[in-house]
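One structure is given here, and the rest of the page talks about it.
The values are calculated or read from the model by the stated rules, or taken from the named source; none is laboratory data. Predicted model, so just to flag it, every value in this text is computed and none were measured. Here Cβ is always computed from backbone atoms with ideal geometry, including for glycine, and neighbour counts include all displayed protein chains. In case anyone asks, the SASA skips ligands and DNA or RNA and just uses the protein heavy atoms, side chains included. Shrake-Rupley method; radii C 1.70, N 1.55, O 1.52, S 1.80 Å.
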Amino acid sequence: MATKPVILWFRRDLRLHDNPALNHAAEMGRPILPVYILDEHFERPMGAASRWWLDKSLRALEAALQDRGSRLILRKGNALNQLQALIGETDADTVFMNRLFEPEAFEHDAEIAHALKADGVECLGFNGALLCRPGAVLNGSGQPYKVFTPFLRALLATAEAPAHTTGPRQIQTPKTVQSDDLDSWKLHPRRPDWSKGFDWTPGEDGASQALSRFISSGLKTYAKDRDFPDRQGANSRLSPHLHWGEISPWRAIDRARQAAKDGKASESEADKFIAEISWREFSAHLLHHFPYITERAFRPEYDAMPWRKDDASLKAWRQGRTGYPLVDAGMRQLWTTGWMHNRVRMVVSSFLIKHLLIDWREGEAWFWDTLVDADRASNVQNWQWVAGSGADASPFFRIFNPITQGEKFDPDGGYVRRWVPELRRLPDRWLQSPWTAPAEVLRDAGIVLGRDYPKPIVEHEKARHRALAALKTVSGRGDDHSDRD
Ligand code: FAD
């Protein structure tokens, strides 16, 4: 009898290095059947930017598998049905996978494993996505942490870095198993193809190059420069690669620690970077333990916030036409490249929630569709952080001033001028608040407000007062009117 193959079910672990499921499958010493199943029915449907990324990442994975003598089988539809079909076709009796920890996916996987077991097929899940499994980091009373700093301390004390692995050099795969044609999945946008400005290299090699670039240049000034959106290379841009599992978070941490050891960056810079990666971890653990936060406020009193319905303002925000240059620059960067700098994400989300008093879920949904790093846990956690309703959130009364944020974090205006080119001739002094520029300055810069660039859709001070008044209706909050940046 021919040796039964092991099915290696790829999820968001699109890599061969540091892949626990692959390593375990290889240890079996049997043929391996790598498969990716596009199952869009059980989860929230992927956003358009995510589909763009997945298309390229699967091609990269397929090429990497081919280099090792293998191939990638593509199937579409209900994951359990597809696995059962594959098992029927190949006589496989084992399925290995790296688990997803979002509650819906986690439960769904458990159901699949249960059903396969009933068919006599062993289904084993590993952790390739996170530094450690949710549940492994709990406080003294056995409860999940709700505050980041003690979580970080406990995480770093608990989680152990696995050894770096490169995966088997040769992977033997049955040749006859039928696979879908990736083009038939139509993941890449057509008519129109809005992805021309997506300057990314999805896949394991792209992830590894992004990390190496960052370690050799950005890491040494990370803490100082990471908040300035115009500083090239100051951030790693690893987020989509981490989301799709093209690189292990441990790999990023190991490389940062090694750079500190080698004197290529200070320990505090490496620690800052590790702390940011741990925010990703914190988000994933929170969502795992508190599944309701995708729909409702972590702090229930915030569900009473009197949100406004204002489609015209929502549209202006999405299109980067609010009249606030830093907000508009961020929203246009997002639309054009599928990514936005973290500082600017904080400013645009605060603007939607507080200046426009529009429900954070509207913003979360737009980010979900347009970000290449759209991640259920990180997205929801961050939106609730800004909305003041999250676990370890920024207080609602902390209302970012989009003008002073621009002056502080884009002091030379390079970011705004890049993404809002109609303002490029406006001197720095008025760049973040064009409506305050004298008529002759606007004329010399070739700008007619309301024609070439919008007038502000809300006035900052009025909007701030409206937001604070709204907060007061939420169980008497809003007494502290500080407006820190
Ligand atoms: P770096 O500064 O190089 O940080 C390294 C890594 O740490 C990132 O790749 C990311 O994995 C992690 N990280 C950094 N900051 C955060 C954070 N605040 N929360 C969680 N992880 C973090 N990040 C996503 O990956 N997906 C999202 O859907 C997402 N939505 C967001 C929504 C809002 C409203 C805000 C304010 C932030 C959101 N973030 C999200 C977090 C953050 O903006 C991005 O992770 C970061 O900008 C990615 O760029 P980078 O890889 O260069 O980050």
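Taking segment 34-54 as the search range and keeping residues that are open to solvent by less than 10 Å² (accessible area, probe 1.4 Å) and not aromatic (Phe, Trp, Tyr), which one is nearest to Pro20 (Cα to Cα)?
Checking each candidate, the answer is Pro34.
Going through segment 329-342 one residue at a time, which ones are near the ligand (Cβ under 9 Å from one of its atoms) and touching a Gly at 6+ places or on another chain (Cβ under 9 Å)?
Met340, His341 - these are the residues of segment 329-342 that are near the ligand (Cβ under 9 Å from one of its atoms) and touching a Gly at 6+ places or on another chain (Cβ under 9 Å).
Taking segment 365-393 as the search range and keeping residues that are near the ligand (Cβ under 10 Å from one of its atoms), open to solvent by 10 Å² or more (accessible area, probe 1.4 Å) and in a loop (DSSP other than H, G, I, E, B), which one is nearest to Asp303 (Cα to Cα)?
Here the residue is Asp375.
Of the residues in segment 321-335, how many are surrounded by fewer than 24 Cβ atoms within 10 Å (Cβ to Cβ) and over 13 Å from Tyr415 (Cβ atoms)?
Matching residues across segment 321-335 total 3.
Would you be able to say whether some residue in segment 239-248 is open to solvent by 20 Å² or more (accessible area, probe 1.4 Å) and under 16 Å from the mean Cα position of the chain (by Cα)?
Within segment 239-248 (the criterion being open to solvent by 20 Å² or more (accessible area, probe 1.4 Å) and under 16 Å from the mean Cα position of the chain (by Cα)), the answer is yes, since at least one residue qualifies.
Taking the criterion of being over 17 Å from Leu14 (Cβ atoms) and either out of contact with any Phe, Trp or Tyr (no Cβ under 6 Å at 6 or more places or on another chain) or not hydrophobic (A, V, I, L, M, F, W, C) (or both), would at least one residue in segment 49-68 satisfy it?
Within segment 49-68, not a single residue is over 17 Å from Leu14 (Cβ atoms) and either out of contact with any Phe, Trp or Tyr (no Cβ under 6 Å at 6 or more places or on another chain) or not hydrophobic (A, V, I, L, M, F, W, C) (or both).
From the list Ile215, Ile253, which residue is among the hydrophobic types (A, V, I, L, M, F, W, C), in contact with a helix residue (DSSP H, G or I) (Cβ under 6 Å, 6 or more places away or on another chain), farther than 24 Å from Trp385 by Cβ and within 16 Å of the ligand (Cβ to nearest atom)?
Ile215
Name, by its number, the condition in (1) open to solvent by less than 30 Å² (accessible area, probe 1.4 Å); (2) within 9 Å of the ligand (Cβ to nearest atom) that does not hold for Val420.
(2)
Looking only at segment 378-414, how many residues end up being of a type outside the set (Phe, Trp, Tyr) and over 22 Å from the mean Cα position of the chain (by Cα)?
Total satisfying the criteria: 16.
Kindly evaluate Arg361 against the criterion of being open to solvent by 30 Å² or more (accessible area, probe 1.4 Å), within 16 Å of the ligand (Cβ to nearest atom) and in a helix (DSSP H, G or I).
Here the answer is yes, as Arg361 does meet what is asked.
Please determine, by comparing only the residues of segment 226-236 that are without any contact (Cβ under 8 Å) to a residue 24 or more places away in the chain and within 10 Å of the ligand (Cβ to nearest atom), which one is surrounded by the most Cβ atoms within 10 Å (Cβ to Cβ).
Restricting to residues being without any contact (Cβ under 8 Å) to a residue 24 or more places away in the chain and within 10 Å of the ligand (Cβ to nearest atom), the top hit is Ala234.
In segment 164-200, which residues are more than 29 Å from the chain's Cα centre (by Cα) and open to solvent by 80 Å² or more (accessible area, probe 1.4 Å)?
Arg169, Gln170, Gln172, Lys175, Thr176, Gln178, listed by residue number.
Residue by residue, here is whether (1) more than 12 Å from the ligand (Cβ to nearest atom); (2) open to solvent by 20 Å² or more (accessible area, probe 1.4 Å); (3) closer than 22 Å to His17 by Cβ; (4) of a type in the set (Lys, Arg) holds:
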site: Asp262; (1), (2), (3), (4): yes, yes, yes, no
site: Phe273; (1), (2), (3), (4): no, no, yes, no
site: His289; (1), (2), (3), (4): yes, yes, no, no
site: Ala304; (1), (2), (3), (4): yes, yes, no, no
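Please determine whether any residue of segment 300-316 is closer than 30 Å to Glu204 by Cα and assigned to a helix (DSSP H, G or I).
Taking every residue of segment 300-316 in turn, none turns out to be closer than 30 Å to Glu204 by Cα and assigned to a helix (DSSP H, G or I).
Where the second residue is surrounded by fewer than 18 Cβ atoms within 10 Å (Cβ to Cβ) and β-branched (Val, Ile, Thr) and the first is within 16 Å of Asp254 (Cβ to Cβ) and lies in segment 122-140, which pairs have Cβ atoms under 7 Å and are six or more apart or on separate chains?
Close Cβ pairs satisfying both conditions: Cys132/Thr158.
So His285 fits all but one of (1) over 23 Å from Glu107 (Cβ atoms); (2) open to solvent by less than 30 Å² (accessible area, probe 1.4 Å); what number is the exception?
Here His285 clears every test but (1).
Considering only residues that are without any contact (Cβ under 8 Å) to a residue 40 or more places away in the chain and open to solvent by 60 Å² or more (accessible area, probe 1.4 Å), which ones fall in segment 423-440?
Arg424, Arg425, Asp428, Arg429, Thr436, Ala439, Glu440
Among what's in segment 343-356 and is open to solvent by less than 10 Å² (accessible area, probe 1.4 Å) and not β-branched (Val, Ile, Thr), pick the residue that is nearest to the ligand (Cβ to nearest atom).
Ser349
Please go through segment 55-76 and pick out each residue that is of a type in the set (S, T, N, Q) and either buried (at least 22 other Cβ atoms within 10 Å of the Cβ) or touching a residue at least 12 places away in the same chain (Cβ under 8 Å) (or both).
Scanning segment 55-76 gives Ser57, Ser70.
Restricting to segment 79-127, and then to whatever is among the aromatic types (Phe, Trp, Tyr) and either more than 23 Å from Thr173 (Cβ to Cβ) or in a helix (DSSP H, G or I) (or both), can you tell me which residue is least open to solvent (accessible area, probe 1.4 Å)?
Step by step, filter segment 79-127, then rank; the result is Phe101.
Sort out which residues of segment 401-455 are more than 18 Å from Leu334 (Cβ to Cβ) and small (Gly, Ala, Ser), and write them in order of number.
Matches in segment 401-455: Gly413, Ser433, Ala437, Ala439, Ala445, Gly446, Gly450.
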